[in-house]
Amino acid sequence: MSLQVRIMDDIKTAMKAKDTVTLESLRAVKSALLLAQTESGAKEEVSEEDEIKLLQRLVKQRKDSAAIYIEQGRPDLAEPEIAQAAVIEKFLPAQLSEAEVETIVAKIIADNGAAGMAAMGKVMGLASAELAGKADGKTISTIVKKLLT
């Protein structure tokens, strides 16, 4: 089942349940998908890889907003953002743990003989490609820095 069909089904369910947080989240995803589809051409479907990137971007936006609200002492505004991020994360593939990411990054570094911070760009490119959708960029970056220093 495509992401758009799953989103539409969940929107109907959220409307029946009168779940406003879920409904808001799903409508944001639907809107982003429609925008992505019209950008790439009216007849083209959005690829699964692009859908994952889009969902990750939406989750990151929500988490960043929540962090800013918390920093400014507004937990009342941060709470819905965190709840929306949780709803959107349900559509992402299972995320790897930091230990699993570290194992994969260590293997990439060993396979390419990378050493020192000068190789960070190369390692980040390879790691990001291999871990696309399975880990966020901030986690990958932190682990690459740790292993290269």
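The values are calculated or read from the model by the stated rules, or taken from the named source; none is laboratory data. Just so it is clear, the model here is predicted, and its values are computed rather than measured. Every residue, glycine among them, receives a Cβ derived from its backbone with ideal geometry; neighbour counts consider all protein chains shown.
Assorted remarks:
- Of the residues making up the range 67-90, those that are over 13 Å from the mean Cα position of the chain (by Cα) and small (Gly, Ala, Ser) number 4.
- Any hit, the range 16-27, residues being among the acidic types (Asp, Glu), surrounded by 15 or more Cβ atoms within 10 Å (Cβ to Cβ) and under 25 Å from residue 139 (Cβ atoms): no
- Residues (in contact (Cβ under 8 Å) with a residue 12 or more places away in the chain, among the hydrophobic types (A, V, I, L, M, F, W, C) and closer than 22 Å to residue 140 by Cβ) located in the range 56-96: 58, 59, 66, 85, 88, 91, 92, 94, 96
- Filter pass, residue 52 being in contact with a Leu (Cβ under 8 Å, 6 or more places away or on another chain) and assigned to a helix (DSSP H, G or I): yes
- Residue selected from the range 97-118 under the condition free of Cβ contacts under 8 Å to residues at least 40 places away in the same chain and among the small types (Gly, Ala, Ser), by the criterion nearest to residue 131 (Cα to Cα): 97
- Members of the range 106-149 found to be over 23 Å from the mean Cα position of the chain (by Cα) and not aliphatic (A, V, I, L, M), listed by number: 107, 111, 112, 113, 116, 149
- Only one entry of 77, 34, 58 meets the criterion of being exposed (fewer than 15 other Cβ atoms within 10 Å of the Cβ) and within 16 Å of residue 7 (Cβ to Cβ), and that entry is 34.
- When we screen 31, 25 for residues that are in a helix (DSSP H, G or I), in the same structural domain as residue 53 (by TED's automatic domain parsing), among the small types (Gly, Ala, Ser) and free of Cβ contacts under 8 Å to residues at least 60 places away in the same chain, the only hit is 31.
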